[in-house]
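K.L.:
So that we are looking at the same thing, I have put the structure below in structure tokens.
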């Protein structure tokens, strides 16, 4: 129920953001148009956001004949976790990473990069896939995928608000109806991306710890997952992925590189802390 409420909250946030920008740019007419767009976006976010994210990264579904070892590991772990067999995708990039998506366990997908298959041992890859299936088991995938769509939509709105402010968007209709004006548009342009990042951070950080724990229990190899996290973290810095900030929270390790302000809005806990917790699981046995 918690993630269902979160999903509803995120869709409501997206609707409100569209209405605010629509009103600021075009008054009542703009708000009505924004409401129609928001309804369509909400529908698309629930039913098609997983396909949008997979297409964004050029992920290709692979059959058991094309990737027998990968399918075998996913099938074995799915049985151990009590889950239906998800679809399996491979992303054509050397940067090592992985994510799970879908609206529920019956419509889930697991995607891994070519790079992660190349650099990890069989046990380490099993740990990564167990982590991703843990997101499916813990019902994180819908809220995470909807959050990605929300963040992308909010960033799009912010860019639109910036253009509208520069070119005097809203005009007479907004002035007559007491709209937000140029200052309101500038406020939206600045605050909207910040809000999107905070939503991602709130959705993702605590769930990564839980997915690590659940995944380690499913595969029975906490240290394999710990080693995989360390390898992925180091290799992804050497071979950046160029991922969209809107989807960064979906990956097992953040594909974004850089410090400063970017680190303040990290969607993942530090890898060192995650490894420390996994090691503690071994000691506690």
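K.L.:
Quick one: in region 101-134, which of the residues that are touching a strand residue (DSSP E or B) at 6+ places or on another chain (Cβ under 6 Å) and modelled with pLDDT under 95 is farthest from residue 53 (Cα to Cα)?
P.N.:
If we take residues in region 101-134 being touching a strand residue (DSSP E or B) at 6+ places or on another chain (Cβ under 6 Å) and modelled with pLDDT under 95, then 102 is farthest from residue 53 (Cα to Cα).
K.L.:
With respect to the numbered conditions (1) at negative phi; (2) modelled with pLDDT under 90; (3) assigned to a loop (DSSP other than H, G, I, E, B), which one is the sole condition not fulfilled by residue 258?
P.N.:
So residue 258 meets the others, but not (1).
K.L.:
Still on this model: Please give the number of the condition residue 96 fails out of (1) modelled with pLDDT under 95; (2) farther than 16 Å from residue 150 by Cα.
P.N.:
(1)
K.L.:
List pairs: first residue in region 193-222 and farther than 16 Å from residue 126 by Cβ, second residue buried (at least 19 other Cβ atoms within 10 Å of the Cβ) and at pLDDT below 65 anywhere in the structure, Cβ distance under 8 angstrom, at least six positions apart or on different chains.
P.N.:
Once the first residue is farther than 16 Å from residue 126 by Cβ and sits in region 193-222, no partner that is buried (at least 19 other Cβ atoms within 10 Å of the Cβ) and at pLDDT below 65 comes close enough.
K.L.:
Confirm whether residue 213 is within 21 Å of the chain's Cα centre (by Cα), more than 20 Å from residue 117 (Cα to Cα) and modelled with pLDDT of 65 or more.
P.N.:
Numbers: within 21 Å of the chain's Cα centre (by Cα): yes; more than 20 Å from residue 117 (Cα to Cα): yes; modelled with pLDDT of 65 or more: yes.
The answer is yes for residue 213.
K.L.:
Residue by residue through region 32-88, note down the ones that are surrounded by fewer than 18 Cβ atoms within 10 Å (Cβ to Cβ), modelled with pLDDT under 95 and in contact with a strand residue (DSSP E or B) (Cβ under 9 Å, 6 or more places away or on another chain).
P.N.:
51
The values are calculated or read from the model by the stated rules, or taken from the named source; none is laboratory data. This is a predicted model, so every value here is computed, not measured. Quick reminder, even Gly has a Cβ in these numbers, built from the backbone with ideal geometry, and neighbours come from all protein chains shown.
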